[in-house]
Amino acid sequence: RNRQNSDKGNDARPGKLMIVANMPSKFGFKNFTPRRIIIHAMAEFIDTDGEDYFAPNFLDTIGLSAHAFITSSGVIIRSRADDEGAYHAKGANADSLGVEILVPGLHTYESFTRTIKGDWCSKLQFDTAGDLVLKWRIDHDIDTVLRHSDIDPDRKIDPGKGFRWEAFLKEIQL
C-alpha cells in the first residue's frame, strides 16, 4: 500500500497514504496536550426517531466531537486538531485523543450493539486506524491506548468484542 500523510509530522510507517477529509467540529477546547488515546466505535449512520445522521454530524447535534473518524474504506475524517481537546469520552477528554472507528451502515443503538459483537471492522479500516494511532503515539510520545469500554465499563461497550484488540495492540506496537 502507498500511504501519504497530510498531517504534520512524520508518517508512522513510511510509504503509506492516509486519506484525510476535514469536517471541523466547534465542540472542544484549546490548550490541549494529549497523554493517551481512546479507541471508540460508532455507527457510520445513526438512525434516530425521524432523521438519520452521518456520525460526525450526529455528534455535532449533541455537542460532542472526536479528533478523527475512520470509515470502512479507510478514509480518515478529521474533526479536531491534535492540539485541540474533543468531547469524546466522559472523564477522559482533558488528556486524550479520540478516534471513532465507524461501523458500516445505518444503525439504531440496538443494531449497533449487536453488530460490534461480531467481526465488523474491515482490514483497510483496521490498518488505517493502526497507522493513525501509531502516528499519534510517535508524534506525542504516548504509551497509553485504551478502549472506550476500558475507561467507562459501566456505560460503554465499544469498540466491542468483534474488534480484534490484541491484534490492534500489536499493530500499534504496544
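The values are calculated or read from the model by the stated rules, or taken from the named source; none is laboratory data. Fair warning: this is a prediction, and the values are worked out from it, not measured in the lab. Glycine also receives a Cβ, built like all others from the backbone with ideal geometry; neighbour counts cover every protein chain displayed. Each accessible area value is taken on the protein alone, full model and side chains, heavy atoms only, with ligands, DNA and RNA left out. Shrake-Rupley method; radii C 1.70, N 1.55, O 1.52, S 1.80 Å.
Here LEU97 passes the criteria (1) assigned to a strand (DSSP E or B); (2) farther than 20 Å from ARG36 by Cβ; (3) in contact with an Asp or Glu (Cβ under 8 Å, 6 or more places away or on another chain) except the one numbered (2). Every condition in (1) free of Cβ contacts under 8 Å to residues at least 60 places away in the same chain; (2) assigned to a loop (DSSP other than H, G, I, E, B); (3) open to solvent by 30 Å² or more (accessible area, probe 1.4 Å) is met by LYS90 except one, and the failing one is (1). Taken as a whole, region 41-53 holds at least one residue that is at pLDDT below 95, part of a loop (DSSP other than H, G, I, E, B), out of contact with any helix residue (DSSP H, G or I) (no Cβ under 8 Å at 6 or more places or on another chain) and surrounded by fewer than 17 Cβ atoms within 10 Å (Cβ to Cβ).
Looking only at residues in region 115-172 that are more than 11 Å from HIS40 (Cα to Cα) and among the aromatic types (Phe, Trp, Tyr), which one is surrounded by the most Cβ atoms within 10 Å (Cβ to Cβ)? Only one residue fits best here, namely TRP136.
Please work out if LEU106 is touching a residue at least 12 places away in the same chain (Cβ under 8 Å), in contact with a strand residue (DSSP E or B) (Cβ under 9 Å, 6 or more places away or on another chain), among the aliphatic types (A, V, I, L, M) and open to solvent by 50 Å² or more (accessible area, probe 1.4 Å). For LEU106, the condition - touching a residue at least 12 places away in the same chain (Cβ under 8 Å), in contact with a strand residue (DSSP E or B) (Cβ under 9 Å, 6 or more places away or on another chain), among the aliphatic types (A, V, I, L, M) and open to solvent by 50 Å² or more (accessible area, probe 1.4 Å) - is met. Screening LEU64 on (1) open to solvent by 40 Å² or more (accessible area, probe 1.4 Å); (2) over 23 Å from LYS161 (Cβ atoms); (3) in a helix (DSSP H, G or I) shows it passes everything except condition (3).
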